[in-house]
Structure formats: structure tokens, C-alpha cells
Amino acid sequence: MTNNFALISTSNRSLHVQVARSIARSILSGELAQGSIVPNEMALCDQFGVSRTALREAMKLLTSKGLLESRPKIGTRVVNRAYWNFLDPQLIEWMDGLSDPEDFCLKFLGLRRAVEPEACALAAINATASQRIELSEIFQEMVRVSKNFNQEEWTEVDLSFHRLIFNSTNNDFYLPFGNILTTMFKTFIIHSSREGDVCLNEHRMIYEAIMAGNSELARAVSLDQLQKGKHRLPETQPA
């Protein structure tokens, strides 16, 4: 196995996090294959130019994210992809730039279609008065930004809109989708709205259905808004 780890430079980021990121990206990209044994501790310390303490902390971090496991007399092994914690926000950040943006967005859209329409339906029923007021304020900001489109402003306000919907379900199991998927949502929104296509009418229908407390309509318009063609994605994936 070829190892191309670079020396870790001094920065504000903790040494062990830098090491973990470098190893994680090698795993996520396939450079370190699933099931393979990573180099031993001494070799990795030499390659990264870090202490054993920093390296061990990095390995603990990667183990907690499901990427590595240590076995007596065998060493540290790359875990099968099925056990990687893809919903970990730090892991999502480390994945940035490793895959084709369109492929990434297609996969994330599939996840959104599975959970977001139901989140909208729950928000229509369970959103508190203060959450409805906040949603109204966010939507008015969306209208303002769409008139003089700015990519950075739109990304932030669109992200706030969807995060609040998940929070407004007031269901603890939906909260992570509003809180820890920020990086994924940002990547998706940037791709989707790159040419100024912000689906404002679709967002309006979701907003109005939630405000009216109409769960069935909220579910339906959310599902409609998540069609591939509305996010600059092909309706059929190439073979």
C-alpha cells in the first residue's frame, strides 16, 4: 500500500484533528481501501511529523466515526463503508471536494425526499407560535434576497428555512437533520441556486401550508419541491 500522507503544518486547528482529517480523506476517497491495515504508529508519526499522543487522539477520533477499528495482533483496520457515520458533521466536512458535486447532490436529495416531506407535515401540526413567527420572518427575508439575488445571502436564508422546519417538528429524532447537516445543505443549496434558480414559489407553498396547519398539503408541496429537475439535477441517472 502506498502512503502519501504529508507533514502536518502548524495551524489553529488541533494537531490530532489535522491528522484525523488527512487519514479520513484517504479512507473516504478510497486511497486507503476498506479492510486494509493502516501503517503502524511509528510509521504514521514519522509521516505526519507528530507525537504519539497526537496520533493516538486522531485514531480515537476516527474510531468514534466508524472509520477505523483496532484488533489485537492485527493492527488498525479500515472498517467497511456500511459502518461509517456519514451523518457526523465533521465527517461530512472532511468529505468536501472528494466526490462529484452532482453525484453528491443526487444522493443527498434522496435522503431529503425520504425525511423532509414528513418533517414539513409535522411542522404544520406541531410548530409553536414563536416558531411560526420566525418562519414568517425567514420567508420574508427569502423574498427580499430573491429580488436581488446574492448566492451567499440566499444560501444562509434557505438553510435557516429548512433548519427551522426540522426544529419545528418538535420531534427529537428530526432535530439532527436541522442541526448537523449544515454542510450538506450548504453544498446542495449552492449547487441548486447557482444560476439564481431559488424555487421561491415552491418555498412559498411550503411556508403557507405550514402556517395554515395543513399537514397533508405541506407534505405534498415539499415532495414536489424536491424533484430533481428543480435543483439542476438530471431526472435519470446515467448508467
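The values are calculated or read from the model by the stated rules, or taken from the named source; none is laboratory data. The shown structure was predicted, so the numbers you read here are calculated from the model rather than taken from an experiment. Note that each Cβ is placed from the backbone with ideal geometry, even for glycine, and that neighbours are counted across all protein chains shown.
Of all the residues that make up the stretch 111-129, how many are assigned to a helix (DSSP H, G or I) and within 11 Å of Leu164 (Cα to Cα)? Counting residues in the stretch 111-129 that are assigned to a helix (DSSP H, G or I) and within 11 Å of Leu164 (Cα to Cα) gives 3.
So that you can scan it fast, the table gives a plain yes or no per residue for (1) over 17 Å from Pro89 (Cα atoms); (2) crowded, with 20+ Cβ neighbours inside 10 Å; (3) at pLDDT 95 or above; (4) touching a Gly at 6+ places or on another chain (Cβ under 7 Å):
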| residue | (1), (2), (3), (4) |
| --- | --- |
| Arg13 | no, no, no, no |
| Gly30 | yes, no, no, no |
| Glu41 | yes, no, no, no |
| Leu62 | no, yes, yes, no |
| Glu69 | yes, no, yes, no |
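Residue by residue through the stretch 183-222, note down the ones that are at pLDDT 95 or above and either under 20 Å from the mean Cα position of the chain (by Cα) or polar (S, T, N, Q) (or both). Result: Asn214, Ser215, Ser222. Under the condition of being in a loop (DSSP other than H, G, I, E, B) and without any contact (Cβ under 8 Å) to a residue 24 or more places away in the chain, the residues counted in the stretch 87-110 number 3. Tell me yes or no: at least one residue of the stretch 71-86 is in a helix (DSSP H, G or I), over 23 Å from Phe185 (Cβ atoms) and among the small types (Gly, Ala, Ser). There is at least one residue in the stretch 71-86 that is in a helix (DSSP H, G or I), over 23 Å from Phe185 (Cβ atoms) and among the small types (Gly, Ala, Ser). Within the stretch 204-225, the only residue that satisfies the criterion of being outside any helix (DSSP H, G or I) and either crowded, with 18+ Cβ neighbours inside 10 Å or at positive phi (or both) is Gly213. Candidates in the stretch 130-178 are the residues that are acidic (Asp, Glu) and part of a helix (DSSP H, G or I); of these, the one that is farthest from Glu208 (Cα to Cα) is Glu152.
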